[in-house]
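K.L.:
Got a structure for you, written out below as structure tokens; questions coming shortly.
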Amino acid sequence: MMRLLKGIWRVLSGISRFITVLLPLIFVAIFFVAVSSSLNESTSEPLPQQAGLLIAPNGPLVEDVLPVEPVSAFLNQDYYQPMLLNDVVRAIRWAKTDDRITSLVLDLENLAGPSTSQTVEISDAIAEFKEAGKPVIAFGDFYSQAHYLLASQADHILLHPEGGMFLEGFSVYRSYLRTFLEKIRVTMHVFRAGESKSAVEPYLRDDMSATEREIVTRWLGELWSAYTELAESGRDMPEGEMDRFIASFGKRLAASNNNLAETVIAAGWVDSLADHAEIEAVLAKWVGATDEDGDAELVRLGRYVDDQKAHLAVSQETLPLVAIIPVEGTIVPGDSEDGMAGSDTIVGYIDTALEAEDLAAVVLRVNSPGGSVFASDLIRRKLAELLAADIPLVVSMGSVAASGGYWISAEADEIWALPSTITGSIGAFSAFPTIEGIIDYIGVTVDGVRTTPLAGEASLGRGLSSQMANIVQALSYGVYDDFIELVATGREMSESDVRKIAEGIVWTGTDAREIGLVDQLGGLKEAVASAAALAGVKEWRTGRTQLPPPFETILLEELSRSINTSLLPAGGWFKSLAASFKPVVKGLSTLRDPMHVYVQCLSCAPIF
């Protein structure tokens, strides 16, 4: 028996030594092999002399790509990989004058979105590309409404014979919870400053208020007009053709024997049908160059951007710097995460820009519906250091720059927005639930003692006293007054004029310019040029602040790729299940303001 136990101990000891010594060494070896392989792939071959530039995003277009958490990098469960919108736009502009690039190929199958505002910026670059006489071709099995707006800017659109596209227009529907909360005996305490601050409506009503319906109808209609105008001009269609097509879609489908692909072909929204085998031949014809397998010679966006960056780093290294600082997602205290702009991260970005010796100007690229008051003000105060140092600060608004997104923008030297940008929503709110109704229903009583009149007056189980409710409401009013004051100061307006356009009302970029919330209409390119002009420089280079991935993330990501395995269940069902919970978890995780007061527009998500 003793020998048996000793033998088991030796086996366990050997396994332990293997895990603690040999296994890490194996992992490190795999890592270096993977890195070496990656370096060889990126440096071994120059770009082809003739090729098409392939843009095939596998996820959303974003303003800031954040480092992946080490464990997530190893498990590698995220199917979608975000791509910088700015990389797409500038790659197309670079390719315009690059003799190696013969054409632009859009594969939009796995693109998440894009928003109308993102497409506007990309379409401007595509228009410049086409001016050089180079063709643009788009292909796909099925075009979503968002995909099609970008595809409509191509010279030729291919569609799979069994595929299709579906145009329906824009809509905004929200779930209203008042009756539900009553039935489950949960009391939602809501406080707002700004009568049209609609973020709290779902807790107070069972339907959309007349005021909110009027406001949403206005800006949603303007977004749809921007969509149809861009799509119709891209396809050389007369004004109003898309609305007529949608209104008669049922009849048109029947006339095409219920064949969706034939319906859109007949209407002129698509040029030709081609299956996967036929697409290769069509692409080869449009690109005008083939690889050794006879397929169209294509260069992927990432490879092309890296190639161009390497050349620009040498030719522009002595030029003054216009730093681009991205603010992407809900504004929260702490570090940035997926879909959240952390104040600590953004402040770090600003410090990095301030430390640059050749800094000429800063462009704050905002794509955020707002969030925490505290976090927004931390960012605003750090931006004030730029202004105090006489460094020009220009804001470039993306798809949305509302509420807290406007809080951090208001004091800039200039604000640029796209016509379809969602902005404004100047207001504040606080909302949280209590369950005294449930406690009472199940027969539980709550009792105790306190040392001051306010102690225990805000309790999950006891509810909220009128005295505490008045205090929380006063805090919301105080934040709203601060908001009004900083907008008035930053925009050189009277407080009374700001209050007329505040009240939580949402505006498009076009309307925002008319009422003074925005200076100019244009994209990031125009904002950067304006910032350089304010700095008095005629030539400049741009640099985007971002966080480098930590070593452990790179290590685990490379290990994951090399081992090609995962500790989590495989298959699309698991990813779909995880994705369904992600918005709920993320929404709850953004509620981090220490005072529990928010400047956030919950209904300002980009419309696709």
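K.L.:
Say the dipole of the range 344-435 comes from +1 at the beta carbon of Lys and Arg and -1 at that of Asp and Glu; which of Thr345, Ser376, Ile435 then lies farthest toward its positive end?
P.N.:
After comparing all options, I get Ile435.
K.L.:
Oh, and also: Determine ³J(HN,Hα), in whole Hz, for all residues of the range 361-375 in sequence, where each value follows from phi through the Karplus function 6.51 cos²θ - 1.76 cosθ + 1.60 and θ = phi - 60°; x replaces Gly and Pro.
P.N.:
Result, rounded to whole Hz: 7, 10, 10, 8, 8, 10, 9, 8, x, x, x, 5, 4, 4, 5.
K.L.:
Non-local amide H neighbours of Leu108 (under 5 Å, H modeled in plane, Pro and chain starts lacking H): which ones?
P.N.:
Phe139
K.L.:
Among the aspartates and glutamates, select those whose C-alpha is under 16 Å from the C-alpha of Lys525, and discard any that sit fewer than 8 residues away in the same chain.
P.N.:
Glu63, Asp87, Glu121, Asp124, Glu128, Glu414, Glu539
K.L.:
Arg365's amide H: which non-local residues (gap 5+, or another chain) put their own amide H closer than 5 Å, with H modeled 1.01 Å from N in plane and none for Pro or chain starts?
P.N.:
Hits under the 5 Å cutoff: Ile325, Val327, Ser396.
K.L.:
Could you give me the ³J(HN,Hα) list for the range 224-239, computed from phi with Karplus coefficients 6.51, -1.76, 1.60 and θ = phi - 60°, whole Hz, x at Gly and Pro?
P.N.:
After applying 6.51 cos²θ - 1.76 cosθ + 1.60, I find 5, 4, 5, 4, 5, 4, 5, 5, 5, 5, x, 9, 6, 9, x, 4 Hz.
K.L.:
Compute the separation of the alpha-carbon centres of the range 297-325 and the range 84-131 and state it in Å as a whole number.
P.N.:
With the range 297-325 and the range 84-131 each reduced to a Cα centre, they are spaced 15 Å.
K.L.:
Ranking request for peptides 133-139, 384-390: highest mean number of other beta-carbon atoms within 10 Å first, then the rest in descending order.
P.N.:
Details: 133-139: 19.9, 384-390: 12.4.
The packing order, highest mean first, is 133-139, 384-390.
K.L.:
GluC sites (Glu not before Pro), restricted to the range 134-235: which are DSSP loop and have at most 13 other Cβ atoms within 10 Å? Before the final figure, lay out each step's value.
P.N.:
Working: sites: Glu162, Glu168, Glu182, Glu195, Glu212, Glu214, Glu222, Glu229, Glu232; in loops: Glu168, Glu195.
Those that pass, being in a loop and sparsely packed, are Glu168, Glu195.
K.L.:
Defining a contact as two alpha carbons under 8 Å apart and six or more residues distant in sequence, what relative contact order in percent does the range 186-326 show? Let's see the in-between values first.
P.N.:
Details: 50 pairs, mean separation 11.3, N = 141.
Relative contact order for the range 186-326 comes out at 8 percent.
K.L.:
When the Karplus curve 6.51 cos²θ - 1.76 cosθ + 1.60 is applied with θ = phi - 60°, which whole-Hz ³J(HN,Hα) does each residue of the range 482-497 get, with x for Gly and Pro?
P.N.:
Coupling constants for the range 482-497: 4, 4, 4, 5, 6, 5, 4, 5, x, 9, 6, 10, 7, 4, 5, 5 Hz.
K.L.:
If amide hydrogens are placed 1.01 Å from N in the peptide plane, which non-local residues have theirs closer than 5 Å to the one on Leu602?
P.N.:
Close amide H contacts, sequence-distant or interchain: Ala199.
The numbers here are math on the coordinates, done by the rules we state, and not lab data. Values in this document were obtained by computation on a predicted structure and should not be read as measured data. Every residue, glycine as well, gets a Cβ built from its backbone with ideal geometry; the counts of neighbours run over all protein chains shown.
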